[in-house]
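Accompanying notes for the structure given below.
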Amino acid sequence: MKSLHLFLALSLTVFGGSAFSQAAQYPSKPIKLVIGFAPGGAADYVARAMSDAFAKALGQPVVVDNKPGSGSSIAADFVAKSPPDGYTLLIASPSSISVNPALNPKLPYAPKDLTPVTRMTTSPLVLAVNPSTGIRSVQELIVAAKKDPGKLNYSTSGNGSAPHLGAALFSQLTGAEMTHVPYRGGALAIQSVMAGDTQVTFGTSPSVLPQANGGRLRALAVSTRERSPLLPDLHGMREAGLPDYNLEFWYGMFVPAGTSPAIVKKVFDATVAALQQPTVKAALAHEGTDVSLSGSPEQFNTFLVEDGKFWVDLVKSAKVKVE
């Protein structure tokens, strides 16, 4: 019996020492930063805007890996099933953390399979239309959608995405009926509106603004109740005539569950250092995205608990379904 106890004690010592050594040496090879949307969308922009500074903070190359599909669930599942060693990270939005699990209980992963590190950014959505529609205001959009229910098509970056929920909330509050057309990323959704295949989008700022500034889209309002300091020329929803409408979304950093606290802390510190770089903050602000960091991984986890309630309640009240 003594020999068994000694064996167990030695095993725990070796295991603990190995885990400590792994954390102490981290990182010692390139790191994969996974995002659940196609290149050209907001998540892709955030990842690439901070990747160089992030790599410098970690002392290792960082490779951005786009895995679009299923409202970003493919990427979340990939990271959730990756080794918890800090070399496969996820930039996620409420879609994969709160919305998709609420829409589809048969997902191959659960939110508990991912460990939160920090919130990274927040920003409003931008309600925009194809200029050929002749729609110039939110109220004109409501009138057009009610005149011909279902005729107007709205594009999003996927079922259960923040743009999808933004449009669902809009329909819920106004009674305007539009047809949802999901794509595999924000850039593709925006291109569809510019091409006239769809007419409306609740797009992310980095996806919409360059096209709106070039006259290829007409931006009507931001999705927050008041005007955004990042987009001061656009009406907030209160000014647009919808005082009860308010929606803001975020991106955050996650690692596979089981990642050691020491590695989580290193990823947290490097993310904070990268996003606090003036050049990174300026690049994101230019695209209507605000750096909004958590004070700690624990604080981010607390935030997610409350924020998740908002998104799940919206899914239920707007009767959003898996398509």
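Structure values in brief
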{"read-out": "Rounded Å value of the spacing that divides the Cα centres of the range 127-159 and the range 281-323", "value": "25"}
{"read-out": "Residue-by-residue Karplus 3J(HN,Hα) for the range 244-254, coefficients 6.51, -1.76, 1.60, Hz, glycine and proline x", "value": "8, 8, 7, 8, 9, 10, 9, 10, x, 9, 9"}
{"read-out": "Mean Cα-pair separation over length for the chain, i.e. relative contact order, pairs under 8 Å, 6 or more apart, %", "value": "26"}
{"read-out": "Amide H partners (placed H, <5 Å) of F37, local residues excluded", "value": "K67"}
{"read-out": "Å² per residue, accessible surface of the chain at 1.4 Å", "value": "44"}
{"read-out": "The range 31-91: C-alpha gyration tensor shape, a/c 1.5 cut-off, then a/b vs b/c", "value": "oblate"}
{"read-out": "Under the Karplus curve 6.51 cos²θ - 1.76 cosθ + 1.60, θ = phi - 60°, whole-Hz ³J(HN,Hα) for the range 257-262, x wherever Gly or Pro sits", "value": "4, x, 5, 5, x, 5"}
{"read-out": "Per DSSP, loop trypsin sites (Lys or Arg not before Pro) in the range 45-149 with at most 16 further Cβ within 10 Å", "value": "K81, K106, R136"}
{"read-out": "Calculated FRET value between N301 and Q60, using beta carbons and R₀ = 35 Å, to 0.05", "value": "0.85"}
{"read-out": "Anisotropy class of the range 220-304 from Cα gyration tensor, a/c 1.5 cut", "value": "oblate"}
{"read-out": "Gyration tensor verdict on the range 94-201 (Cα atoms; rounded if a/c is under 1.5, prolate if a/b is larger than b/c, oblate otherwise)", "value": "prolate"}
{"read-out": "The range 36-96-the range 172-243 distance, computed between alpha-carbon centres (Å)", "value": "24"}
{"read-out": "Cβ-placed point charges (K, R +1; D, E -1), dipole of the chain about Cα centre in debye, nearest 20", "value": "400"}
{"read-out": "Accessible-area composition of the range 39-78, carbon plus sulfur, in percent [1.4 Å probe]", "value": "54"}
{"read-out": "Rounded tilt (10° steps) of 297-317 against the dominant C-alpha axis of the chain", "value": "40"}
{"read-out": "Residue pairs, from the table K81/K316; K151/K321; K81/K266; K106/K319; K81/K321; K112/K281, whose Cα atoms sit over 23 Å apart", "value": "K81/K316; K81/K321; K112/K281"}
{"read-out": "Sparse-neighbourhood loop sites, GluC sites (Glu not before Pro) in the range 211-314 - DSSP loop, at most 15 other Cβ within 10 angstrom", "value": "E226, E239"}
{"read-out": "Of all accessible heavy-atom area on the range 215-269, the percent that carbon and sulfur account for (1.4 Å)", "value": "52"}
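The values are calculated or read from the model by the stated rules, or taken from the named source; none is laboratory data. All values reported here derive from a predicted model rather than from experimental measurement. Cβ sites come from the backbone with ideal geometry, for glycine too, and all protein chains shown count toward neighbours. For the accessible areas, the whole protein counts, side chains as well, though only heavy atoms, and no ligand, DNA or RNA atoms are used. Shrake-Rupley method; radii C 1.70, N 1.55, O 1.52, S 1.80 Å.
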